[in-house]
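Working notes, beginning with the structure itself.
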Amino acid sequence: MKKLKDKLEFLGLDFRKEMIFFVLFSVLFAGVTVAFLFWRGLGFLTMFPLLGYAGFAFFFFTRYGAMVNRKLEQYNREFVNLFTFFGVFVSDGFTVYRSLEMVKEYASDALAPHFAKLLQDIDEDKSVEPYVRFASVFRDVSVKEVMLAVYQMVDEGEGGVYIRQFQRLFGKLSDTRHSLDEARRLDRLDTLSFLPLCGAGIAMLSLTMSVMEVMGELMDVL
C-alpha cells in the first residue's frame, strides 16, 4: 500500500479520491453482474461481467506504474532538451550557476521545482551533493555522470577541457536517448499492427460463447 501511495504522490494524485473511484466502479460492476444474472441466469455469458471487472481492476492498479514510467521518461527527455541549452550558455561564457538559472526558465512545471531546489542547495552547499541529489530525480544513470561533469566545471574551473568533458558525456546521453525514442516508436507501431488480430480473436471468442449458449438452450428445450 505504501508503494501505491508513493506512486500517487509522485504523480500528484490523491490516494483517497482514487480509492473512492475504484470502490464506486466496483459497486457498479457488482450491480451489472447481478442484473445480468437476473436477465440471463447462470451461463457462459455470465463470465463477461466478471472478466470485465477483473480486467478493470488489473488495469486500474497497473496503470499507475505505467504513468510513473512515462513521467520518468518525460523527465529524461526534458533533461536532454534543457541541457542542450545549458551547453550553449556555458560555451557562450556564462557561469554554470547562471546557465542553470537560465535553463530553469525553460523547464516544465514538473521539473522547474527541482531546478529551483538545485540552485538553492548550491547556495547552501558547495559540495557535489546538490548535483547528485538533482540527478537522482532522473532514471537514467548517465544523468549523474553529466551532473558530475557540471560540478567539475564549477569546482575546478570552467575552462575548455571541462566543457569538452561535459559535451562528450552529454552527447553520449543525447544519442542514447534518441536511439531509445526511435526504438520505442517502432515498438508502438508493432503493437498497433497486432491490435486488429487481437480484436478479431475477441470477436471470435464472443461468437463461440454465444453459439455455445444458444446450443445449451436448445438442448434444454429438447
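The values are calculated or read from the model by the stated rules, or taken from the named source; none is laboratory data. Quick caveat: nothing in here was measured; it's all calculated off a predicted structure. Backbone-built Cβ (ideal geometry, glycine too); neighbour counts: all protein chains shown.
Of all residues in region 15-42, those that are modelled with pLDDT of 80 or more and either more than 21 Å from A54 (Cβ to Cβ) or basic (K, R) (or both) total 3.
For region 43-66, the criterion of being touching a helix residue (DSSP H, G or I) at 6+ places or on another chain (Cβ under 6 Å), at pLDDT 80 or above, surrounded by 13 or more Cβ atoms within 10 Å (Cβ to Cβ) and not aromatic (F, W, Y) is met by none of the residues. Across region 102-145, the qualifying residues are those that are surrounded by 13 or more Cβ atoms within 10 Å (Cβ to Cβ) and β-branched (V, I, T), and the one among them that is nearest to the chain's Cα centre (by Cα) is V137.
Within region 22-35, the residues that satisfy the criterion of being under 28 Å from the mean Cα position of the chain (by Cα) and loosely packed, with under 12 Cβ neighbours inside 10 Å are V23, L24. Pairing residues of region 70-88 that are part of a helix (DSSP H, G or I) with residues that are of a type in the set (F, W, Y), at Cβ distances under 7 Å and at least 6 apart in sequence or on separate chains, gives Y75/F138; N76/F138; F79/F138; L82/Y106; F83/F170; F85/Y106; G87/F166; G87/F170. Under the condition of being loosely packed, with under 15 Cβ neighbours inside 10 Å and of a type in the set (S, T, Y), the residues counted in region 70-83 number 0.
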